[in-house]
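Below you'll find the structure, written out as C-alpha cells, and then a few comments.
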Amino acid sequence: MTKLLMIIAPRNFRDEEFQESFDVCKKANFDVTVASVTTDTCVGMFGARVTPDRNVDEIDASQFDAVIIIGGAGTPVLKQYPKVLQIIQNAAEQNKVLAAICLGPIVLAKAGVLKGKRATVFSSGVSEIKSGGAEYVPEHVVLDGNLITADGPGAAAKFGEAIVKALTSKSRFQ
C-alpha cells in the first residue's frame, strides 16, 4: 500500500488544503499518516481540529512514499524544527515524492530541496522560494520531477490529484 506522510502546523494550517488533499489521497486507498510537531490537537485557520497520528520526532522518511507539507498562515513555524527539515531532506535523497501547498514550499526551500527546481507558492512566499534556489512559476499546480507544489486553497483538490497521479505512475515503473 502507498504510504503518505502529511505534515501540518500545530496552529493555523489551512483547513481545506488539508481536508481536500487528504480526502483525494484516501479515496485512492493511500495510507495517510498525519504528523506535526506535537500530538496535541492541531487547529486550522477556520477551526478544523486534527489530532496527528504521530509527532515528527518519531518519523523516518524511508517508511513513506511521499512527504506532503500542508499550508496556511501557521506553516512557516515548521521551518524552525530541524526534524521537519531532516524528514524533507531524507525524502529528497531517497527520491520520494515531495509535495507542498500554499506556504508549504517555503519549508521545502528552508530544507534546501528547491535548488534548480520549478515551483509555485502562495504569493507572500515567492521571494523566499526564489532565495531557496527555485524558479518561481505562477501556476496553481507545478510538477518538476518528484516535486509537486501548489499555490493555495483553490488548488487543493488538483494538488491531491497530482499527488495521486505521481504515485500511481511511479509505482507502475518500480
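What follows draws every value from the coordinates through simple rules; no lab data is involved. In this text the structure is predicted, and so the values were computed from the model without any measurement. Using ideal geometry, Cβ is built from the backbone for each residue, glycine included, and neighbour counts are taken over all protein chains shown.
Tabulated values for the structure
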quantity: Helical contribution to [θ] at 222 nm, DSSP H n ≥ 4, -39,500 (n - 2.57), averaged over the chain, rounded to 500; calculated: -10000 deg cm²/dmol
quantity: Packing-based order for 96-105, 78-87, using average beta carbon neighbours within 10 Å, highest first; calculated: 96-105, 78-87
quantity: Distant-in-sequence amide H partners of Thr38 (H built 1.01 Å from N, under 5 Å); calculated: Val56
quantity: Approximate spin-label separation Thr51-Glu139, in nm, with each point projected 7 Å along Cα-to-Cβ; calculated: 4.1
quantity: Considering only the chain, percent of DSSP beta bridges that pair antiparallel, nearest 5; calculated: 20
quantity: Descending principal axes extents, the chain, alpha-carbon based, whole Å; calculated: 37, 36, 29
quantity: Spherically averaged projected area in nm², based on the convex hull that wraps the Cα atoms of the range 38-134; calculated: 6.1
quantity: Protection proxy ranking of 149-158, 135-144 - average other beta-carbon atoms within 10 Å, highest first; calculated: 149-158, 135-144
quantity: Potential lengthening between Gln86 and Lys165 on full extension [0.36 nm per residue; Cα-Cα distance subtracted]; calculated: 25.9 nm
